[in-house]
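One structure is given here, and the rest of the page talks about it.
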Amino acid sequence: MDVSDWFEVEDPQECGEEPWDFDEAELAFLAALRARAAAWRVPSAPSGAGRPEDGSSLLAHVCLLDESRPLVLGEWAVHFHGTHVRAGKVRDQLFNLHETPEHGLLRASGTVEELAERCAAWFESLLSRPVVRAEWPSERGGYATRWEFADTGEALVVSGTVPADGSPPARRLPVRP
């Protein structure tokens, strides 16, 4: 992806809201994050930048999809607060984060450049993780399905009743390389 493709600033006026007024540190952080993202060698994913509903931070976020379905598998975001960031898996439509380490929570302090570098590495690591769709035949003729990170088996989305006995899926299909 080109630098212009990652973390494009969303236009709040499209939703009838006032335009955002980013400060100098926020603009520098976003520029550094986008420049670092331009060098990534990862599969593309929807991303954006803006502000959360409460306007408390600069928000940068990515979304993992199963494009064959189309299904959102999860969203991850960084909240930049000038001298520190919070990053993790998004838990709701307001871009609040799961505040636990098992959901990949990152907290860091530093200069704008240090934080942009750290967040870019965090996003790149996330986007580099392979995702698979595991499927088990169900008694009703369909499939129970679990989308998961292939490297850890961490479930992202579950549809149907996945066997609790640990039986292997009938098939595992790559979703993201």
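Being open to solvent by less than 50 Å² (accessible area, probe 1.4 Å), of a type outside the set (F, W, Y) and modelled with pLDDT under 95 narrows it down to one of G142, G82, so name that one.
So the residue among G142, G82 that is open to solvent by less than 50 Å² (accessible area, probe 1.4 Å), of a type outside the set (F, W, Y) and modelled with pLDDT under 95 is G142.
Does the stretch 102-112 contain at least one residue that is within 27 Å of P174 (Cβ to Cβ), touching a residue at least 40 places away in the same chain (Cβ under 8 Å) and not hydroxyl-bearing (S, T, Y)?
no
For the stretch 96-119, which positions are open to solvent by 40 Å² or more (accessible area, probe 1.4 Å), closer than 23 Å to A32 by Cα and in contact with a strand residue (DSSP E or B) (Cβ under 7 Å, 6 or more places away or on another chain)?
Passing the criteria: L105, R107, S109, R118.
Taking the residues in the stretch 147-164 that are within 20 Å of E67 (Cα to Cα) and over 18 Å from the mean Cα position of the chain (by Cα) as candidates, determine which candidate is surrounded by the fewest Cβ atoms within 10 Å (Cβ to Cβ).
Checking each candidate, the answer is G160.
Using the structure shown, decide if R176 is more than 30 Å from T83 (Cβ to Cβ) and of a type in the set (K, R).
Here the answer is yes, as R176 does meet what is asked.
Restricting to the stretch 5-58, name every residue that is assigned to a helix (DSSP H, G or I), over 14 Å from the mean Cα position of the chain (by Cα) and surrounded by 18 or more Cβ atoms within 10 Å (Cβ to Cβ).
Result: E26, F29, L30, A32, L33, R34, R36.
The values are calculated or read from the model by the stated rules, or taken from the named source; none is laboratory data. Since we're looking at a predicted model, the values are computed, not measured. Don't worry about glycine lacking a Cβ; one is built from the backbone with ideal geometry, like all the others, and counts go over all protein chains shown. The protein model used for the area step is the full one, side chains on, heavy atoms only, and it has no ligands, DNA or RNA in it. Shrake-Rupley method; radii C 1.70, N 1.55, O 1.52, S 1.80 Å.
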